[in-house]
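Below is one structure, written out as structure tokens; comments come after it.
What follows draws every value from the coordinates through simple rules; no lab data is involved. Note that this is a predicted model, so its numbers are computed, not measured. Glycine also receives a Cβ, built like all others from the backbone with ideal geometry; neighbour counts cover every protein chain displayed.
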Amino acid sequence: MKHLIGFVLAALLALAPAFAQAPKGWKVRADHSADASDPDAAGAVKFVISGSGFHATNPMAAVYWNPENTVTGDYTLKGTFKLIKSAGYSEYYGLILGGSGLEGPMQSYLYFMVTDDGTFLIKRRSGNSSTQSVSPKTASPAVKKPDAAGTSTNALEVRVKGDKVDFVINGTVVSTLPKTGLGTKTDGIYGIRVNHQLDVQIDNFGISKM
């Protein structure tokens, strides 16, 4: 009986992201926190159309993507992120690119994100539990910190051209890396990642080909 209950609970946890709210055609994959000192909040993940963009409410971390949003070659990926609410844990939010297998155990993508302490990072995910740092947490004056009301707006870009990739915040190139230094591809699905305990509006999201 205990084994059966354990199996049912595991199945429900695996299906939990499917109950998240998202626009038609979009997928959601949630990541549950395993850190007791930095727990998830209560409630369901919500990703909805808001104005001309999207609004993400994240009690737990999640990746959002539309399987039709794929790109190859040279391109610029953009998104303007307005932090509306943070629990004060300096959690990150931003862009993903080069994605594949996002619904399975071999998920893979590159992500470029900022947080409210004025830092950015670039990482890659390989599989369900493995992440590797491409560029460590780095302070930059290009990152806008929250104002007195607790909000901030940061425009992120990833410019893929030839054998290099520029990572841009509010018009400032904060890092330039060779494609070979990324440890993963830049072709594939592009989307959005918002970590837990955050409330974020995303505008001007999309791709322009060079």
Residue check: is residue 203 among the acidic types (Asp, Glu), in contact with a Gly (Cβ under 8 Å, 6 or more places away or on another chain) and part of a strand (DSSP E or B)?
yes
So is residue 201 under 29 Å from residue 49 (Cβ atoms), surrounded by 14 or more Cβ atoms within 10 Å (Cβ to Cβ) and touching a Pro at 6+ places or on another chain (Cβ under 9 Å) or not? no
In the stretch 19-59, anything within 14 Å of the chain's Cα centre (by Cα), aliphatic (A, V, I, L, M) and not in a loop (DSSP other than H, G, I, E, B) is listed as 28, 30, 56
Counting only residues in the stretch 60-81 that are more than 10 Å from residue 190 (Cα to Cα) and more than 13 Å from the chain's Cα centre (by Cα), the one surrounded by the most Cβ atoms within 10 Å (Cβ to Cβ) is identified as 75
Considering residues that are of a type in the set (Val, Ile, Thr), surrounded by fewer than 17 Cβ atoms within 10 Å (Cβ to Cβ) and over 27 Å from residue 23 (Cα atoms), the number found within the stretch 153-198 is 4
Residue hits (the stretch 116-145; touching a residue at least 40 places away in the same chain (Cβ under 8 Å) and surrounded by 17 or more Cβ atoms within 10 Å (Cβ to Cβ)) are 120, 122, 124, 134
Of (1) touching a strand residue (DSSP E or B) at 6+ places or on another chain (Cβ under 9 Å); (2) part of a loop (DSSP other than H, G, I, E, B), residue 109 satisfies every one except (2)
